[in-house]
Each structure stands twice: as structure tokens, then as C-alpha cells.
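What follows is a short report on a single structure.
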Amino acid sequence: AKRRKGNQYEIFKNRMQGKNDHVLIFETKLRNALKENLFEIHYQPKMDVKTEQLIGMEALLRWYDEELGQIPPNEFIPFAEECGLISDIGEWVLKSTALQIREWEKQFKFNLRVAVNISPLHFKEGNFVARLIKILEETKVRPEYLEIEITEMSMMDYNDDLINKIQEVKYLGITVAIDDFGTGYSSLGYLKEFPVDTLKIDRSFIVNISEGESGIAMVAAIIALAHALKLKVVAEGVETNEEMEILKQYNCEYVQGYFYSKPLNVTDITQKMLNQKTT
Ligand code: C2E
Ligand code: CA
Ligand code: CA
Ligand code: CA
């Protein structure tokens, strides 16, 4: 885990002074959270820039531990990747999201896509697609309601296997988005090789919009590149009206961020969907 202020895991580690038990205890807590269904999923709306309608959402994992409090995913996901729990967690999120979609379908006319974050370690496993198919069969969710987000990082050492795997996922009817675009320091050459649907511009570029012309130029260039490759664009971390206006000007299709909504629990996101239906 990275060292920074407010890092629950670091605080916990320091409290366990001198002992090496903290890793084991954290891992035990994480395993237990998975086994006992102590995770929760929040959903952050994605909005169409032109129509200002809710067009989809991203599933974001939440973990509250009685002793440690709320632990941010940026702390426990890397840990789960290190201790080999990430694929099980990823499958839990996929399955829970699928079952939640089935619930929504029972409650109203649901027709949105929900994106699930998949760790590159999980995606690269040999049986990823087979297990994904199993989840589709078990939950009977329509694949058209699912998207997976994989980080640009995972594309860096790409090969034909990876490209084929993305294609297989797409054949199922699940769309694929490249997450955190612009942070991977990878060659742009890979982009045209990947049969993905959407590109998510990392928040760091959106923050730069207000820094002036060069910030705007970067975002404009990324949007133009995506469109040249026939990809849709989601801008992440949009917080201000100024950012919205500039993204609109450069024909960015979708936005996600606090400007429109924070990630919401099931009750609140359900309410938001219902509100939209009646307005
Ligand atoms: P991400 O996939 O890039 O998700 C977007 C993050 O930005 C979320 O943080 C979200 O709450 C935050 N965010 C959204 N809008 C704004 C905004 O306007 N301003 C600011 N400052 N932040 C905004 P969160 O939920 O803490 O997740 C952090 C990261 O943890 C995610 O980044 C993703 O990489 C990872 N993560 C979360 N859930 C999962 C999961 O189920 N599986 C995997 N593998 N990773 C996950
Ligand atoms: Ca994401
Ligand atoms: Ca992202
Ligand atoms: Ca991120």
C-alpha cells in the first residue's frame, strides 16, 4: 500500500508496531469480507453531455470494516492483487452487479449499462471468459447491460491473446472500456489494435482543463483521437460547469463525476433512475 495521509492500512500497520502480523490480519479481514458479503457496491451515474440524461453507471466497490472503518478501494484493491484475492473479488462484483440489474429489471423498465472494473491480473487469467460466461448463465443477466473497464496499464504488454480475449468478451455482448486513459505512458499504437468501445479520459486531464489552453488542448486531442478510432468518450472526474462546457464544445459524449453525482448506494441510485423515468 502507498504511504499517504489517512491511509487506513498504514495507520493499522503502525498500530501493530514492530509486528509482522498486520499483513496477515488485513488479508484475513479481506477474505472474511468476501466470504461474509461485507462488501457493498455503489453506483456512479454516467451522463450524456447533450441530453443530460443518465445513460449508465460504474460499479465501485466499498468495504467497511468494524475495526478499521471505511477502507478505500485504492488501498485494498492493490492489496487484493498482491495476495491473490483479486479474481474472487472481481467475480463477486460481477455477480452482485448482475443480480442487482435483475432486481432493477423486476422493478421497472431497466435499460442501462453498468460498468464493472476488472483488474488486469484477473482479466489475464486463462479462464476469465469461461467464468464470465458462467456468471451470465447463473444470473441470467442480459450481457447488453454489462460493460467491463480495464485500465490502460493492462494494455502495455499486449499480445494477440489479449486482443482475442477482448474480442471474445465483445462477442458475448458485453462492451469494453479503456479506463484511466492517458496515464499508462504506453504507445498510442496499441489503441487501434484493440476492439474496445469506449475510452475513459483520466481525471488528471479533466482537472487540467481549468489550468488554461494547454490543458484544454490535451483533452481536445484525446477526444479527437478517440473519435478518429470510432470510440465513444467518457470524461472522468468532472466537477465543474466550466469543465462541462468545454467537454461539450469538443463533442465528448459522456461525463462521470461529482458535478452530476457522486457514487450512490442502491437506494439512491434506484431513486435517481425512477426520477428520470417520470421526468
Ligand atoms: P476508477 O475506476 O478510476 O474509478 C473512479 C474513481 O474516481 C472512484 O473512486 C470515484 O468515486 C472517483 N470519482 C468519481 N468522480 C469524481 C470526481 O468528480 N472527483 C473526484 N475527486 N473523484 C471522483 P473510488 O470509488 O474510490 O475508486 C478508486 C479506484 O479503485 C477506482 O478508480 C478503481 O481503480 C478501483 N476500484 C473500485 N472498485 C473496484 C472494483 O470493484 N474492482 C477493481 N478491480 N477496482 C476497483
Ligand atoms: Ca473505472
Ligand atoms: Ca478511471
Ligand atoms: Ca483510477
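None of the figures in this text is laboratory data; all of them are computed from the coordinates on show. These numbers come from a predicted model, not from an experiment. Because the Cβ atoms are built from the backbone with ideal geometry, glycine has one as well, and the counts that use them run over all protein chains shown.
Structure notes:
- Scanning the stretch 171-184 for residues that are buried (at least 16 other Cβ atoms within 10 Å of the Cβ) and either under 20 Å from M57 (Cβ atoms) or over 19 Å from the mean Cα position of the chain (by Cα) (or both), we see that the one that is farthest from ligand 4 (Cβ to nearest atom) is I174.
Each row is one residue, and each column tells you yes or no for (1) under 19 Å from the mean Cα position of the chain (by Cα); (2) within 16 Å of ligand 3 (Cβ to nearest atom).
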{"residue": "P72", "(1), (2)": "yes, yes"}
{"residue": "D88", "(1), (2)": "yes, no"}
{"residue": "V93", "(1), (2)": "yes, yes"}
{"residue": "S119", "(1), (2)": "yes, yes"}
{"residue": "T139", "(1), (2)": "no, no"}
{"residue": "E149", "(1), (2)": "yes, yes"}
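- Enumeration of residues in the stretch 42-89 that are within 15 Å of ligand 2 (Cβ to nearest atom), crowded, with 20+ Cβ neighbours inside 10 Å, assigned to a strand (DSSP E or B) and not small (G, A, S): Y43, Q44, P45, K46, M57, E58, L61
- Any chance G212 is small (G, A, S) and buried (at least 16 other Cβ atoms within 10 Å of the Cβ): no
- Residue in the stretch 64-83 that is touching a Leu at 6+ places or on another chain (Cβ under 7 Å) and small (G, A, S) present: yes
- Flag if G173 is touching a residue at least 24 places away in the same chain (Cβ under 8 Å), under 20 Å from I101 (Cβ atoms) and either in a loop (DSSP other than H, G, I, E, B) or in contact with a Ser or Thr (Cβ under 7 Å, 6 or more places away or on another chain) (or both): yes
- The condition of being closer than 22 Å to E149 by Cα and exposed (fewer than 15 other Cβ atoms within 10 Å of the Cβ) does not hold for A235.
- Count - residues of the stretch 241-265 that are under 17 Å from K46 (Cβ atoms) and either in a helix (DSSP H, G or I) or over 21 Å from the mean Cα position of the chain (by Cα) (or both): 5
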